[in-house]
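Accompanying notes for the structure given below.
The values are calculated or read from the model by the stated rules, or taken from the named source; none is laboratory data. These figures come from a predicted structure and were not determined experimentally. Cβ coordinates were reconstructed from backbone atoms using ideal geometry, including for glycine residues, and neighbour counts include every protein chain displayed. When the accessible area is computed, the model is the full protein with side chains, heavy atoms only, and any ligands, DNA or RNA have been set aside. Shrake-Rupley method; radii C 1.70, N 1.55, O 1.52, S 1.80 Å.
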Amino acid sequence: MSVVGLGTWQLGADWGDVSESDARAVLEASAEAGVTFYDTADVYGDGRSERIVGAFVADHADAGFTVATKMGRRQEQVPENYNPDNFRAWIDRSRANLGTDRLDLVQLHCPPSATIDDDATYDALDALVGDGSIAAYGVSVETCDQALSAIARPGVASIQIILNAFRLKPLDRVLPAALEAGVGIIVRVPLASGLLSGKYSASTTFAEDDHRNYNRDGSAFDVGETFAGVPWEDGLAAASTFGELVDGLPGEVTAAQAAIAWCWQQPGVSTVIPGARNPEQARANAAAGEVAPLGAAFEAGVRELYDERLRPLVHDRW
């Protein structure tokens, strides 16, 4: 599995329009750059992302790709909807979308905490592994407490969680617990929805159908998924400071590449899944997997930035 994968939320919806041909170009560029792990979800474009990824993988049948999908967000987020009958229906739909009999990895898509804590959840998932519908399962979470609950389950293969230079809390307990348990960590939102790329300013605007426009207050889904939960103005200022840290690195490393590299270089991280809207972004993101160790001074700078400016805004929320 490549240390830098590709998240395909952008290829479905919620980041502005991306044509199918553009989506395919992003996937092809990622593969050419060495990416072997692709993360999608049944809710991205209501299956559009899964279908595009499935067709792409079918055309590269011998490439050894791993495809992870997620399930559960197409229905109301209440524990009673996370039951064996729905799991079967969701799995069958994703198998059809992806064009495969067995899914490599299925993740519960940020379900309610009660679902994560319920023995019956894992009994149902174990049954799907047992009948060959899925090879493995994991849990995508919003909070560190949810991650720790899932890690304690012996059948859980992976945890997907937000981790980036603006969200350090998973370093405290989640990553050490995952390492000890042999559970993989899939890092999402490594660029804080693009803030850490250093390419945004106070005058930047986003399309109406881009969640960075419509979900800044968390009215559509957990606000932590948009700019990692950091208010826009605070995020811009913090991104500027992060850029200064990157300027002190040797060689030619962009802010986005440093942000992605910082994530995969944390002990316990299996892969990082930035998204991309065009082939150039896909190639640049993949190249972050080759960035040399960022070093103690850079790490200290990230922690200082977090402690002084971001910890009060996000640490106790997730």
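Tell me the angle of helix 296-305 to the major Cα principal axis of the chain, expressed in degrees between 0 and 90 and rounded to the nearest ten.
Result, in degrees: 90.
For segment 136-210, what size does the Cα cloud have along each of its three principal axes, sorted from largest down, in whole Å?
The Cα atoms of segment 136-210 stretch 48, 25, 17 Å along their principal axes.
Just the number please: accessible area per residue for the chain, 1.4 Å probe, all protein chains included, in Å².
Dividing the accessible area of the chain by its residue count gives 41 Å².
Test of understanding: what is the full-extension gain from residue 316 to residue 207, defined as 0.36 nm times their sequence separation minus their Cα-Cα distance?
36.2 nm
Let's test the formula: R0 of 45 Å, r as the Cβ-Cβ distance of residue 127 and residue 219. What FRET efficiency results, to the nearest 0.05?
0.80
Let me see the pair-distance distribution of segment 175-230: every alpha carbon pair, 10 Å bin width, integer percents in order.
Binned Cα distances yield the sequence 21, 41, 22, 13, 2.
Helix 119-130 sits at what angle to the longest principal axis of the chain, using alpha carbons and giving 0 to 90 degrees rounded to 10?
Between the helix axis and the principal axis of the chain, the angle is about 70 degrees.
Residue 233 versus residue 172, label points 7 Å from Cα toward the beta carbon: distance in nm?
Between residue 233 and residue 172, the simple spin-label model gives 2.7 nm.
With labels modelled as points extended 7 Å from the Cα through the Cβ direction, what inter-label distance (nm, one decimal) is found for residue 244 paired with residue 199?
So the two model labels end up 2.4 nm from each other.
Which whole-Hz couplings ³J(HN,Hα) result when phi for each residue of segment 71-88 is put into the Karplus expression 6.51 cos²θ - 1.76 cosθ + 1.60, θ = phi - 60°, listed in order with x for Gly and Pro?
Per residue, the Karplus-derived 3J(HN,Hα) values read 9, x, 8, 7, 10, 4, 7, 10, x, 5, 7, 8, 10, x, 5, 5, 4, 4 Hz.
Taking the Cα centre of the chain as the origin and placing charges on Cβ (Lys, Arg +1; Asp, Glu -1), which of 129, 61, 81 is farthest toward the positive end of the dipole?
Looking along the dipole axis, the top candidate is 61.
Pop out the Kirkwood hydrodynamic radius of segment 148-278 from its pairwise C-alpha distances, inverse of mean 1/r, in Å to one decimal.
The answer is 15.7 Å.
Could you tell me the distance between the Cα centroids of segment 7-57 and segment 170-234, to the nearest Å?
Answer, in whole Å: 19.
Over the chain, what is the relative contact order in whole percent, taking alpha-carbon pairs under 8 Å and six or more residues apart?
Once divided by the residue count of the chain, the mean separation gives 22 percent.
After finding the eigenvalues of the alpha carbon gyration tensor for the chain, what semi-axes result from the square roots of 5 times each, listed largest first in whole Å?
29, 22, 19
Which of the three applies to segment 278-318, rounded, prolate or oblate, going by the alpha-carbon gyration tensor with a ≥ b ≥ c and a/c under 1.5 meaning rounded?
oblate
If you place +1 on the Cβ of every Lys and Arg, -1 on the Cβ of every Asp and Glu, and leave all else neutral, what size is the dipole of the chain about its Cα centre, to the nearest 20 Debye?
Roughly 240 debye for the chain.
If you roll a 1.4 angstrom probe over the protein chains with everything in place, what fraction of the accessible area of the chain belongs to carbon and sulfur, to the nearest %?
Roughly 48 percent of what the probe reaches on the chain is carbon or sulfur.
What's the extension gain from residue 300 to residue 60 if we count 0.36 nm per residue and subtract their Cα-Cα distance?
Full extension from residue 300 to residue 60 adds 82.2 nm.
Out of every Cα-Cα pair in segment 62-125, what percent are more than 19 Å apart?
31 percent
Once the other residues with Cβ under 15 Å from the Cβ of residue 161 are scored (Lys, Arg +1; Asp, Glu -1), what is the net sum?
Around residue 161, the surrounding residues sum to 0.
Answer rounded, prolate or oblate for segment 51-157, using the Cα gyration tensor with square roots of eigenvalues a ≥ b ≥ c: rounded when a/c is under 1.5, else prolate when a/b is larger than b/c, else oblate.
Judged from the Cα gyration tensor, segment 51-157 comes out prolate (a/c at least 1.5, a/b above b/c).
Once you list every other residue whose beta carbon is under 10 Å from the beta carbon of residue 95, what net charge do they have if Lys and Arg are +1 and Asp and Glu are -1?
Around residue 95, the charge tally is -1.
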